[in-house]
Structures are given as structure tokens and as C-alpha cells.
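Read-outs: derived from the displayed coordinates by stated rules, not from any lab. Not measured: the values here are computed from a predicted model. Neighbour counts are summed over all protein chains in view; Cβ atoms, including those assigned to glycine, are modelled from backbone coordinates with ideal geometry.
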Amino acid sequence: MEKFEFDSGIDGPAVVITGAVHGDERAGPDAIGSFLENWDRKLKKGRVTFVPVVNEAARAQNTRFVDIDLNRCMGAKDLQDLSEHKIVPEIREILASHDVLLDLHSFRKGDGAFALLGPKNNTDGLEPFQHEIAETAFGASVGIKRVMHGWLGSYNRALAEFNESIGKTDDPYPALEKSVGMTEYMRNAGGYACTVECGQHQAADCISNGVSAITGALVGLGMVDGELPTIEGDFECYELYQVIIKSHEDDGLLVDEISNFDLLPKGEPILRVGGELFSLDQAGVIAMFPKVGAKIGESIITLARPSQRLANV
């Protein structure tokens, strides 16, 4: 795994910036390459490590993963003879030796970049965390207008409910085994993190969004000179508050064309859950991560509602 490391020799944050956790995503490698090509290498404090391609095997075959989604198995207890599992120990070591992670991604379908933050400060067993203020400021510095938070908690609740429906009630935190990715592991190691989905793979602004995010992250932490990227208007912040998992063969979206950020109607059926029609009891909810053709046990859609988390940033 190729790394580019820069150390100022002056006390400060230890930042790691990663790309191509999924092999078919160009945002990270291209944005990191562009930044390094144009950066003057002047680091005011701390140290920064760039890892342009985390999943080299998947990158070589231009697929999301080889055997298993790397961004879901960082918490795996039993590492097997799988391509992604083989590199988990090295990635864990890299993350644990840093304080802050910026993880760059792009996506196959949809419009508009967005950033993902972790939970609020808490001492719960799922994702205990004490860096909410620092992480929120970090997320605001990367220059992405749309910001999401709350994914792991909402997914864990949904997965626990699904497991209970099939008689599995022994684990209150099933998401820790199936859904811990780069940022979740970073928080578990004592740091904080932000995922930036830079845009659709081939979108004209995908790479520039990634470069802007890198610049903003390092400027915001006081590690390089420069200006923070600006956004037009106010942040659009949303809490990912409910994940809906397919539990019945008839479950699924009623409309195939639902995309990320689509505003969903209140009181009108939008999908079938548990074999019954499901409609929203509140307005202002948007769709995230809709999946047509989900299998039983997989997420159909995540619901997000407006949040004030970035209101005072």
C-alpha cells in the first residue's frame, strides 16, 4: 500500500487522507494526485499521510471490491482468507497512528457531493465518542454543502430489529461486525473523521471537490496556509434517522426512480415494508441510498430529516 508521508517536526494533528477504499472510485486517487502535484509541501505543524489507493486489488480490476466491501468489514473479528481481509490489519495500524481521517469517495449514480459525519458525543456501547465539536468543525471545513450524520446508529437499530424478527436477540450491536468502515474504525481508535462523497465517478466537479476537501481539511486544522473553501448559502444538514431493511419478499420501493436527496411525500405510500405499505408521518424527509432489488436482510432505503448540527458553525 503506497503512502506519501510529510512531517513538519512541529507538534500538531496527525492526519491521514485516503482514497480508493472501493476500487472503482476515482475521486480519492485523482484528487490526492492533483493536490500533491500542486502543493508546495509547506506544512506548518503536525504530519499528514496520503494513501491514494487503499484497496489496490479492487483498483486493479476496477471493481468496488474483490471479495467483500472493505468499508463494511473494518470491525471484523474473524479475518478470513479474503482479499479485503488481508489488508485490514495494515489499514487499522495506519488509522490508529493518526488523529484525524479524511476518506474520499465517489459514487456510481446520482448528483451532488455530500459529507458524512459520525455521532454526537455519547458513552453508548455502539460508537462511544467525545470529539463531536472538533469533528463538526472538520466536516464544515471541507467545503461540501450537504452534510449527513447518524448512519451507524440508525443502521444498528434496523439490523437489531431485523435480527429479532428472525429470532436472533443475542447481540445488541450487530452493526459492529457488519458495518464498521474507515471512519467508524477511526473513531473507535480514539480519533475523528469525515467521509466526503465527491460526486458521481465521471462528474466534471468530482476531482475538484476532492482537492477542495483536502485543502479545506488541512487549512481548517491550521496545517497549511490558504483559504477555506466556501459554499453558496447555508449548509444543508440531515440526520440519517431510519434505515429500512427488507424482511419480506414483497418489500421494496414502489417507485424505481427515487434518488439521493429526493424529497419524499408525507402520507403517501413510498414502499412496502413487512409486506405492508409504508408512508411517512412527517414532512421534509429525503431519500438516501435507495436500492432497487435489495435482498432480504439488506437495506432498501435510508430516511433523513433536517438537522441543526451545523447551524452554528
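Suppose the chain between ALA189 and LEU36 were pulled fully straight at 0.36 nm per residue; how much longer would it get relative to their current alpha carbon spacing?
So the chain would gain 52.4 nm between ALA189 and LEU36.
When a/c is below 1.5 the answer is rounded, else prolate if a/b is larger than b/c, else oblate, so apply that to the chain with a ≥ b ≥ c taken from the square roots of the Cα gyration tensor eigenvalues.
The shape class here is prolate.
Based on the Kirkwood radius over alpha-carbon pairs, what value in µm²/s does the Stokes-Einstein equation return for the translational diffusion coefficient of segment 149-254 at 10 °C and 1.306 mPa s?
93 µm²/s
Taking square-rooted eigenvalues a ≥ b ≥ c of the alpha carbon gyration tensor, is segment 103-172 rounded, prolate or oblate, where a/c under 1.5 means rounded and, failing that, a/b exceeding b/c means prolate?
Oblate, because a/c is 1.5 or more while a/b does not exceed b/c.
How far, in nm, would the chain grow between ALA96 and ILE133 when pulled straight, counting 0.36 nm per residue and subtracting the alpha carbon separation?
Extending this stretch completely gives an extra 11.3 nm.
Applying the Karplus parametrisation 6.51 cos²θ - 1.76 cosθ + 1.60 with θ = phi - 60° to the phi angles of segment 151-156, what ³J(HN,Hα) value in whole Hz is obtained for each residue in order, glycine and proline being reported as x?
5, 5, x, 5, 5, 4
Give me the number: length gained by fully extending LEU228 to TYR173, i.e. 0.36 nm times residue separation minus the C-alpha to C-alpha distance, one decimal in nm.
Gain on stretching LEU228 to TYR173: 16.0 nm.
Would segment 5-118 count as rounded, prolate or oblate if I go by the C-alpha gyration tensor, calling it rounded below 1.5 in a/c and otherwise prolate when a/b exceeds b/c, oblate otherwise?
Note, shape of segment 5-118 comes out oblate.
Can you list the aspartates and glutamates whose alpha carbon sits under 13 Å from that of LYS295, skipping same-chain ones fewer than 8 residues off?
GLU249, ASP250, ASP251
Which entries in the list LYS178/LYS266; LYS3/LYS109; LYS77/LYS178 go over 21 Å, if you measure between the two C-alpha atoms of each?
LYS178/LYS266; LYS3/LYS109
For the chain, give the share of DSSP beta bridges that are antiparallel, in percent and rounded to the nearest 5; count only bridges with both residues there.
50 percent
Taking K and R as +1 and D and E as -1, what net charge do the other residues with C-beta under 13 Å from the C-beta of LEU310 add up to?
Combined, the nearby Lys, Arg, Asp and Glu give -1.
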